[in-house]
Amino acid sequence: MERTVNYRVSDVTEVEQVSARIFDEQFEAVFNRAQNLAENQSTIAFKAVVEDVVVGVISGKITFNHLHISALAVDAAFRGYDIGTQLLERLERTATEQGITTITLSTKSFQAKDFYLKKGYELMAELEDVPFSGVTKHYFVKRLYGTINR
């Protein structure tokens with residue numbers, strides 16, 4: 001039976017719902033138990049505020065025992081005041097309290113590679129010319145030692 005497939009732009013919510021269902025089916029087929037990905041994902045975010053102005057942010061997505069940091073940014077005028085360090089440490093403390101055991105993130109060559117190395121993150125991989133020619137993307141991991149949340 002031949003079927004016609006149409007491809008359309010989708011919103012992220014729909015993609016996440018469909019992919020979670022499919023990933024749950026795959027997980028159950030392999031491990032013979034349910035995982036319910038949608039119930040085991042959440043986001044976490046903190047901001048640094050000076051005189052009612054947001055000068056730094058950090059956010060990430062938690063999936064089971066893993067946290068992927070998607071953003072850490074500090075306004076240029078406020079760099080050098082440990083705002084990035086404080087945001088990262090706050091996120092790591094909260095992650096540990098929630099049973100997170102692994103944190104991953106990526107950064108680009110013009111951003112904060114040395115910062116993450118100083119904070120105990122291990123460089124896992126580097127991709128040259130990503131996201132464009134002349135830039136290298138660095139991938140990091142940090143193992144936390146806390147309660148495992150199953």
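The values are calculated or read from the model by the stated rules, or taken from the named source; none is laboratory data. Here the structure is a predicted model, which means the values were calculated and not measured. So basically every Cβ, Gly included, is an ideal-geometry build from the backbone, and we count neighbours across all protein chains shown.
Taken as a whole, region 78-91 holds no residue that is more than 23 Å from residue 16 (Cβ to Cβ), part of a loop (DSSP other than H, G, I, E, B), hydroxyl-bearing (Ser, Thr, Tyr) and at pLDDT below 95. Among the residues of region 12-38, those identified as touching a helix residue (DSSP H, G or I) at 6+ places or on another chain (Cβ under 9 Å), part of a helix (DSSP H, G or I) and not hydroxyl-bearing (Ser, Thr, Tyr) are 16, 17, 20, 21, 23, 24, 27, 37, 38. Yes or no: residue 16 surrounded by 11 or more Cβ atoms within 10 Å (Cβ to Cβ), within 18 Å of the chain's Cα centre (by Cα) and either of a type outside the set (Ser, Thr, Tyr) or farther than 30 Å from residue 82 by Cβ (or both)? Taking the combined requirement at face value, the residue satisfies it.
Here is a check on your reading of the model: is residue 51 acidic (Asp, Glu) and surrounded by 15 or more Cβ atoms within 10 Å (Cβ to Cβ)? Considered against the rule, which asks whether it is acidic (Asp, Glu) and surrounded by 15 or more Cβ atoms within 10 Å (Cβ to Cβ), residue 51 comes out as no.
Could we say that residue 107 is surrounded by 14 or more Cβ atoms within 10 Å (Cβ to Cβ) and farther than 24 Å from residue 131 by Cα here? Taking the combined requirement at face value, the residue does not satisfy it. Scanning region 72-88 for residues that are in contact (Cβ under 8 Å) with a residue 60 or more places away in the chain and surrounded by 12 or more Cβ atoms within 10 Å (Cβ to Cβ) turns up nothing. Quick check: anything in region 57-66 under 24 Å from residue 145 (Cα atoms), of a type in the set (A, V, I, L, M) and in contact with a helix residue (DSSP H, G or I) (Cβ under 9 Å, 6 or more places away or on another chain)? Yes, region 57-66 contains a residue that is under 24 Å from residue 145 (Cα atoms), of a type in the set (A, V, I, L, M) and in contact with a helix residue (DSSP H, G or I) (Cβ under 9 Å, 6 or more places away or on another chain).
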